[in-house]
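*Asks:* This is the structure I want to talk about, given as structure tokens.
The values are calculated or read from the model by the stated rules, or taken from the named source; none is laboratory data. Quick caveat: nothing in here was measured; it's all calculated off a predicted structure. For neighbour counting, all protein chains shown are included, and Cβ atoms are generated from backbone atoms with ideal geometry for every residue, glycine included.
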């Protein structure tokens with residue numbers, strides 16, 4: 001489709017050097033995108049909290065490579081005060097990272113069935129209720145990191161449905177309390193989701209073999 005004929009989405013771009021998460025996403029509304037760069041002054045958890053202040057209580061899925069113990073406990077408080085109605089975590093299954101929450105500690109706070117581990121570097125948060133389907137993707141982990149970070153957030157049912165389906169598949173495939181399985185260093189199968197497949201025709205560039213994929 002010609003770009004000029006595509007239905008317009010409301011999008012805002014932000015460079016946020018010192019502002020907090022709430023001020024950075026101010027004006028976010030239904031059907032809108034916010035794209036931003038930060039100087040690391042807030043975390044994915046802060047962005048999640050600011051979004052919940054807009055959406056109201058919601059179901060939440062969080063994928064993170066690492067999470068500070070303080071941040072995981074803060075998420076528990078969001079559950080206790082009703083801001084989060086149901087929460088699920090996807091975390092990397094590597095051995096415990098120094099100073100970070102492990103799958104075991106997350107399981108102790110939320111229950112083993114709230115956590116799955118796999119070989120993952122994905123970082124996203126899903127926020128959903130009757131009115132909102134928000135997807136946040138970011139370079140941020142759940143904890144604060146004083147480096148330049150990027151994020152994109154959108155209220156979009158299709159994108160939310162795609163990410164949620166992947167989490168559903170992972171939770172069905174991987175046993176609860178994943179880090180307690182010492183051999184859990186495989187990529188997930190998630191066979192219930194259609195994946196991109198190579199088309200006929202393989203070419204080589206130097207020693208690297210590549211194939212075209214369907215778009």
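*Asks:* For residues in the range 123-140 being part of a strand (DSSP E or B) and free of Cβ contacts under 8 Å to residues at least 60 places away in the same chain, which is surrounded by the most Cβ atoms within 10 Å (Cβ to Cβ)?
*Replies:* Per the criteria, the residue is 135.
*Asks:* Right, here's the next one. Please work out if residue 86 is surrounded by fewer than 20 Cβ atoms within 10 Å (Cβ to Cβ), closer than 24 Å to residue 175 by Cβ and modelled with pLDDT under 90.
*Replies:* On the way: surrounded by fewer than 20 Cβ atoms within 10 Å (Cβ to Cβ): yes; closer than 24 Å to residue 175 by Cβ: yes; modelled with pLDDT under 90: no.
Taking the combined requirement at face value, the residue does not satisfy it.
*Asks:* Go through the residues of the range 103-114 one by one and say whether even a single one is touching a residue at least 60 places away in the same chain (Cβ under 8 Å), within 24 Å of residue 193 (Cβ to Cβ) and in contact with a helix residue (DSSP H, G or I) (Cβ under 6 Å, 6 or more places away or on another chain).
*Replies:* yes
*Asks:* Of all residues in the range 98-122, which are modelled with pLDDT of 85 or more and part of a strand (DSSP E or B)?
*Replies:* Listed by number, the residues that qualify are 115, 116, 117, 118.
*Asks:* Condition test on residue 93, is it in contact with a strand residue (DSSP E or B) (Cβ under 9 Å, 6 or more places away or on another chain), surrounded by 19 or more Cβ atoms within 10 Å (Cβ to Cβ), within 26 Å of residue 70 (Cα to Cα) and modelled with pLDDT of 95 or more? Before the answer, list the steps.
*Replies:* Values: in contact with a strand residue (DSSP E or B) (Cβ under 9 Å, 6 or more places away or on another chain): yes; surrounded by 19 or more Cβ atoms within 10 Å (Cβ to Cβ): yes; within 26 Å of residue 70 (Cα to Cα): yes; modelled with pLDDT of 95 or more: no.
Answer is no for this residue.
*Asks:* A follow-up question, please. Mind counting the residues in the range 10-64 that are free of Cβ contacts under 8 Å to residues at least 60 places away in the same chain and outside any helix (DSSP H, G or I)?
*Replies:* Going through the range 10-64 one residue at a time, the tally reaches 13.
*Asks:* A further question follows. Please state which one of 74, 114, 125, 146 is in contact with a strand residue (DSSP E or B) (Cβ under 6 Å, 6 or more places away or on another chain) and under 23 Å from residue 21 (Cα atoms).
*Replies:* After ruling out the rest, the residue left standing is 125.
*Asks:* Also, I was wondering about something else. Kindly provide the set of residues from the range 141-169 that are over 13 Å from residue 62 (Cα atoms) and in a helix (DSSP H, G or I), ordered by number.
*Replies:* Initial filter on the range 141-169 (over 13 Å from residue 62 (Cα atoms)): 144-159, 161-162, 165, 169.
157, 158, 159, 161, 162, 165, 169 - these are the residues of the range 141-169 that are over 13 Å from residue 62 (Cα atoms) and in a helix (DSSP H, G or I).
*Asks:* Would you confirm, using the coordinates I've provided, whether residue 152 is loosely packed, with under 14 Cβ neighbours inside 10 Å and modelled with pLDDT of 95 or more?
*Replies:* Working: loosely packed, with under 14 Cβ neighbours inside 10 Å: no; modelled with pLDDT of 95 or more: yes.
Against the criterion (loosely packed, with under 14 Cβ neighbours inside 10 Å and modelled with pLDDT of 95 or more), residue 152 does not qualify.
*Asks:* Given the criteria modelled with pLDDT of 85 or more, over 30 Å from residue 25 (Cα atoms) and in contact with a helix residue (DSSP H, G or I) (Cβ under 6 Å, 6 or more places away or on another chain), does residue 177 qualify?
*Replies:* On the way: modelled with pLDDT of 85 or more: no; over 30 Å from residue 25 (Cα atoms): yes; in contact with a helix residue (DSSP H, G or I) (Cβ under 6 Å, 6 or more places away or on another chain): yes.
Here the answer is no, as residue 177 does not meet what is asked.
*Asks:* Still on this model: What's the number of the only condition in (1) within 20 Å of residue 154 (Cβ to Cβ); (2) surrounded by fewer than 20 Cβ atoms within 10 Å (Cβ to Cβ); (3) modelled with pLDDT under 90 that residue 64 fails to meet?
*Replies:* (2)
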